[in-house]
Amino acid sequence: MKRILLLPCLLIMAAVTWAQGPYNSRDYYQAADGKKGAALKTALCGIIYNRTERSYDQLWTDFRKTDKRDDGKVWDMYSGISNYIFGTHQAGNYSGEGEENGGLYNREHSFPKSWFGASQTVKPPMYTDLFHLYPTDGYVNGMRSNYPFGETKGESYKSANGFSKLGSCTYPGYTGKVFEPNDIYKGDFARTYFYMVTCYEEKLPDWYANYSESKPTLDGNTYPGFQTWQLNMLMTWAANDQVSDKEYNRNIAVYDIQKNRNPFIDYQGLEQYIWGSMKDEPFSYDNYKVPENYTVYIPGDGPGPDDPPGPLGDGNVYKRVNSIEDLEVGAGYIIVCESKNMAMAEQNSTNSFRTHVSLTTTNGAVTTEVNKSGKPYELTLGTYNGKYTLYDATDEVYLSQTSKNNINAADKPSANGALWTISFNGNNAVITSSYSTGYTIQYNSNKGQERFAGYSSSQNPVQLYKRQPVSTGITTEAAFPIDKAKPNTIIYDLQGRKVGTTVNGTPHLKKGVYIMSGRKVIAK
């Protein structure tokens, strides 16, 4: 992600001027202009409290807009192994973490509902506020229970690969049991909590007085609102994990639904104006000074260090596969008819067939955008009951065959016609639905009948092209250069996700290959 770094050694601040508010917020925050400290918090409360309230059931649909990964799966911030499909793995009884272990995703109140007395019969407005509700792995969510956020060694519980932890708090000021999210989402949750104590500041004394579970986090006052240890920790989390594309996009998506915004996402480092080093500095909604040591967030320039791989766009290379050994579950594919320079695209207006778009390949390779009008649609290869599935993450449907010819959409892999076998005849892919073994996907080029559909007769054969991983171009070192590691250097995995930072020059990571300071390095 492109960011403008603020050099602390120069002791400068960046003044960011917008034409009335950041990110198309216009004059949304104008009523807070000139306010500072506690008064700024109260002014923001008056702005963001008014919103369109959602029903609890509507959240399932809302999550598809607010928490969808780039591969179309559920964006789970509690588990590092889940690959939940919206609707398919939604709620119910779960037996473990991740869909492969019988897991499901549910609706998590990251600011626990027991802290404000919510029940199935009493549902105050914050009960369905999307800014603190996330889809998360049900098993890990259950282990979190209603414990406060904190830092811990995880002696009570660790999710897969130690992604989230539960245990005694090691952060100074509190020793009770806490739940620690992964480093890559700590800033997200900090800004969530800043929003909650701002939006609902008048309710804070009641929550503290009547619901004991909130006492480790809240102080019973409208300002500052947090216990000292919790505030210090959240401020650190927010500074170390600053606003990313994920948060920006989610903020916009929630605004489209609720018609309110999280100002701590819109204004990088805003918490410093309320509780920190700039609480005596007047806030300017359209000439905002980004606090020292924060960066100016610029949206849309690619994935942030804490995000999964970014959206598919220019430069995605696809290469033809021609053997079973080349098939990779979880990889993205496009279906191509090389002889007619066509590729399978979105559903037609009646969802009866897939449409076609022009696409010219060269020596079994092509570079193309996907998943937008006029471009091929990528299908993710999966498995179910010993067969293959072809999942369209853009439209959130499975490719299915419901008659001898019709290739359309199914909501679940168990639907009739949604399971496929794949074999190869030279370079041609033989893709056959379980609905009818005599009909394979082919391209009909007859005038007036152009389409990808199921045929038993000889039409034009198709080929499968697999998206290739992007080369990092990063040099490799044989061992982790601990002697070169500087404190708080960010460490990424090979997918570009932030997995941690060095502490006092020493990386705390399991064995594996990582990226640090522009080098591919190995932790032994």
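Read the figures in this text as sums done on the coordinates, not as results from a lab. On a predicted model such as this, the values are computed, not experimentally measured, just so you know. Note: ideal-geometry Cβ built from the backbone for every residue, glycine included; neighbour counts use all protein chains shown.
Pull up all non-local amide H partners of Arg451: gap of 5 or more, or a different chain, and H-to-H distance under 5 Å with H placed in the peptide plane.
Placed amide hydrogens put Asn444 under 5 Å from Arg451.
Going highest first, how would you order 96-106, 427-437 by mean Cβ packing within 10 Å?
So the order, starting with the most tightly packed, is 96-106, 427-437.
Subtracting the Cα-Cα distance from 0.36 nm times the residue separation, let me have the gained length for Lys412 to Ala365 in nm, one decimal. Walk me through the numbers before you get to the answer.
On the way: separation 47, 0.36 × 47 = 16.92 nm, distance 3.12 nm.
Here the segment from Lys412 to Ala365 would lengthen by 13.8 nm.
Can you pick out the pairs among Lys65/Lys279; Lys340/Lys404; Lys177/Lys259; Lys319/Lys387; Lys68/Lys215; Lys65/Lys186 whose Cα atoms lie more than 25 Å from each other?
Values: Lys65/Lys279 35 Å; Lys340/Lys404 23 Å; Lys177/Lys259 36 Å; Lys319/Lys387 23 Å; Lys68/Lys215 33 Å; Lys65/Lys186 22 Å.
Those over the limit are Lys65/Lys279; Lys177/Lys259; Lys68/Lys215.
Starting at the first residue of the stretch 249-257, write each ³J(HN,Hα) from the Karplus equation 6.51 cos²θ - 1.76 cosθ + 1.60 with θ = phi - 60°, in whole Hz, x for Gly and Pro.
Taking θ as phi minus 60°, the curve returns 5, 5, 4, 5, 5, 5, 4, 4, 8 Hz for the stretch 249-257.
For Asn260, what residues show an amide H to amide H distance below 5 Å, using hydrogens built from the backbone and excluding near sequence neighbours?
Thr52
Which order do the peptides 224-234, 27-37 take when ranked by the mean count of other beta-carbon atoms within 10 Å per residue, highest first?
224-234, 27-37
Show me the ranking of peptides 444-456, 283-295, 191-203 by mean Cβ neighbours inside 10 Å, starting with the highest.
Ranking, from highest mean packing down: 191-203, 283-295, 444-456.
Quick one: net charge around Glu180, please, counting Lys, Arg +1 and Asp, Glu -1 for every other residue with C-beta under 14 Å from its C-beta.
+1
Over the alpha carbons of the stretch 190-269, what is the largest minus smallest coordinate on each principal axis, giving the biggest first in Å?
36, 28, 18
For the pair Thr170 and Gln30, how long in nm is the line joining their label points, each one 7 Å along Cα→Cβ?
Label at Thr170, label at Gln30, 5.0 nm between them.
Over what distance in Å are the Cα centres of the stretch 229-297 and the stretch 384-405 separated?
Comparing the Cα centres of the stretch 229-297 and the stretch 384-405, I get a distance of 42 Å.
Given 0.36 nm per residue, what is the gain on full extension from Glu213 to Ser358 after removing their alpha carbon distance, in nm?
On the way: separation 145, 0.36 × 145 = 52.20 nm, distance 5.95 nm.
Result for the pair: 46.2 nm of gain on full extension.
What residues have an amide H closer than 5 Å to that of Val462, excluding those fewer than 5 places away on the same chain, when H is modeled at 1.01 Å from N in the peptide plane?
Amide H neighbours of Val462: Ala429.
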